[in-house]
Amino acid sequence: MKKINIKLVVGTALLSLFFAACSDLLEEKPRSTYTPEFFKSEKGVQGGITSLYTHLRYMYGQAYYYNSLLTGTDEVTYAQSADANFKDMDMTGVGAVTPQGSRSDVLWNTAFPNINTASGIIENAGAVASIPASLIAEARFFRAFDYFMLVQTFGGVPLDLGAGILKFNTAPVRTSTRNTVPEVYTQAVFPDLKKAVEDLPETSRLKGTVTKTVARLYLAKAYLTYGWWLQNPNNIPTYPAADRVDPDGKTAAWYFQQAYDVAVQAIENPGGYGLLEYFYDVNLGSNDRNKEILLYADHTEADEFYNASSLSWSNGAAPENFAGWMMTWNYTNLRSGGQSSVQREAVQALGRPWTRMAPTINVIKNTFADKTNDSRYDGTFTYIYRANFNKAGITDATLANANGLPVAPGEAVLTFLHDDVDGIAYAVANGNIGAGVLPGRADFVIAPSAISRITYPGLWKLGPYRTDNGTGLGQPNGASTRPFNIAKFSELYFIAAEAAVKGASPKAGKSARELINVIRARAGKWRWYNNGNVAKVADNSAAMVAATPAVIDINYILAERSREFYGEGYRWHDLVRTQKWEELAGSYQICGPEYKDRTPQTFTRTIEKKHYLRPIPQGQLDGMEMTDEDKAAYQNPGY
């Protein structure tokens, strides 16, 4: 492989991490660099481990990285207020993915310092008698986690940060080599995750720390992803150039079987994790850090220091959690009788409007076609906007809304309908947002086919949750104090099902269809009508299971994944892994960027094979002392 010059950061700023609902704090003073001696002390190892969890905040909840995982897929397009950060990712000609603008730079710039920190712990912590192997295994997990994210995004990446393969580096260096995809998986990702599974505890040592189950999820997912890479059904190029041959002679089929076996092992040995009874509860703010969540980037409203962000205002930058703003349209422009009837409020259904990302019409009409039996649409989106003007000091008992009819606090001002219906009269003046009216209804309405880049259902999943609002609107301008969920126990069912579809031999009772039906049966159970804001006791599990095709394929699994994990940041990796990006996201429908726009337009994306790898960030290339030819050799082809 060609030697090139590269500048890599060798330390990670050490911040404090607070694990909510636990009396223990992982706390250290900030530190800019680490040395081997530092990691040969109990305090040093504990501090280093803390920083590994802290680094998650610099990626997850960071809205521009979040955008890079969703915009341009079949889940999301850019919204009315989007800038180049979002338009570049849409692939429709309004921008272009470039080394200068790709926001996958967030991953690159965050992962490598963390990898080096993890290597420092792995190499040196064994010298501390009081440090158990299970703690070092946490470092192994995070080194593998970062390399897995990198290799999915960029292709082969450096395993040598200046001191040797997977060695801790203590000084800036300017030479490095990009390893191949098989080398990254077989030398870094798989060995570290297997060792993590072996040494991690069944239950977490602190609230939110990693366990065997967490490591098994990522090991199974890595096996699955690498199996697809070896198979390469659509002849997607890789870089650095490498034959699609496993160094150990294993086949794609072998890796699919391993993915299935490890995922099922985790399902059967959950170690305190498990599926919740109702989908609604998985993403409910008052139920954060529940047993279904395997990994999260933590935040808290209890203390600004441990939140790593102000509780009342936001810079809109990491380590804040501000991803939830992006798919929140400006509902505060709604007017009832000339007054603002839906005020900005720090509650999960509302939050801070940003209007940068939007669901497509296809998502609302097709992905979530069944809104009656399946609870996941109601547990994913805000589609009914309710009056809260009383909390802003407006003393009127009611305000005049659609058809001149009154709405009181708590009643619907605007409803995004489940289905297209005849007779909706749209007008720019309706609610001040170009909404529609239907005879006899006091709420304004917008049909699925009229969803636009400026008005669309909001993403309830990521909305804020605060307990300090009192009787007012709270602090809606602050970043979210909720943890950002990264991994869920439910994904184990999808990984095993996908591996089975790819040819893995299933266990009795755990075929692909049976595994998916566990998820679908749960989705059919209701305890609360979220957008109706009332209790709803219903069990549509039988109908959900009966509607599952007798034989499911990859497209069906991907559709189910979208229904389960919509808007959580999984989708780009899902489409790249399965090489279904062009097929499933090549076009979409949405109305225009103005309130008057209610006619759907079809947009076509240009997704080339080169786009299956993100470009190496320009900032990385600019920091290298190398020739133009060397830079071209380091960059992924086509960029």
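Derivation of every value follows stated rules applied to the coordinates shown; laboratory data play no part. On a predicted model such as this, the values are computed, not experimentally measured, just so you know. Positions of Cβ are backbone-derived with ideal geometry, glycine not excepted, and every protein chain shown enters the neighbour counts.
Summary table below
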read-out: Exposure proxy order (Cβ contacts within 10 Å, fewest to most) of Leu219, Leu276, Leu150; value: Leu276, Leu150, Leu219
read-out: At R0 = 56 Å, FRET efficiency that the Cβ-Cβ distance of Ala429 and Gln100 yields, to 0.05; value: 0.85
read-out: Helical contribution to [θ] at 222 nm, DSSP H n ≥ 4, -39,500 (n - 2.57), averaged over the chain, rounded to 500; value: -8500 deg cm²/dmol
read-out: Global geometry of region 84-243, whether rounded, prolate or oblate, following the gyration tensor of its Cα atoms and the 1.5 cut on a/c; value: prolate
read-out: Cα centroid separation - region 551-596 against region 203-249, whole Å; value: 21 Å
read-out: Residue order, fewest to most beta carbons within 10 Å, for Ile236, Ile131; value: Ile236, Ile131
read-out: Highest-first arrangement of 617-626, 382-391, 582-591, 419-428, where packing means the average Cβ count within 10 Å; value: 382-391, 582-591, 617-626, 419-428
read-out: Folded to 0 to 90 degrees: helix 554-565 orientation relative to the chain principal axis, Cα; value: 70 degrees
read-out: Low-density loop cleavage sites - GluC sites (Glu not before Pro) in region 162-238, where at most 14 other Cβ are within 10 Å (DSSP); value: Glu202
read-out: Pair Ala369, Arg174: separation of 7 Å Cα→Cβ label points (nm); value: 5.9 nm
read-out: Rough spin-label spacing in nm, given labels placed 7 Å along Cα→Cβ, for Tyr529 and Ala253; value: 5.2 nm
read-out: Distance between region 367-399 and region 138-158 - C-alpha centres, whole angstrom; value: 40 Å
read-out: Residues listed by number, region 405-419, amide nitrogen under 17 Å from Asn333 label point at 7 Å toward C-beta; value: 414-416
read-out: Greater than 25 Å apart at Cα, pairs in Lys40/Lys167; Lys221/Lys502; Lys221/Lys250; Lys40/Lys488; Lys212/Lys507; Lys221/Lys365; value: Lys40/Lys488; Lys221/Lys365
read-out: Region 378-490: relative contact order in percent, alpha carbon pairs under 8 Å with at least 6 residues between; value: 26 percent
read-out: Aspartates and glutamates whose Cα lies under 19 Å from that of Lys43, excluding same-chain neighbours fewer than 8 positions away; value: Asp24, Glu27, Glu28, Glu123, Glu138
read-out: Region 441-467 residues near the modelled Leu405 label - backbone nitrogen below 17 Å, point 7 Å along Cα→Cβ; value: 441-447
read-out: Gain upon complete extension [Ala163, Ala133; 0.36 nm per residue less C-alpha separation]; value: 8.4 nm
read-out: In degrees, nearest ten, helix 42-54 long axis to first principal axis of the chain (Cα); value: 40 degrees
read-out: Efficiency of FRET from Cβ geometry, Glu625 and Ala543, R₀ 45 Å, rounded to 0.05; value: 0.10
read-out: Between 0 and 90°, nearest 10: helix 105-124 axis offset from the chain longest Cα axis; value: 40 degrees
read-out: Point-to-point label distance, Asp420-Glu198, nm (Cα→Cβ direction, 7 Å offset); value: 5.9 nm
read-out: Where Rh is the Kirkwood radius over Cα pairs, Rg/Rh for the chain; value: 0.97
read-out: Length-normalised contact order of the chain in % [C-alpha pairs under 8 Å, at least 6 apart]; value: 19 percent
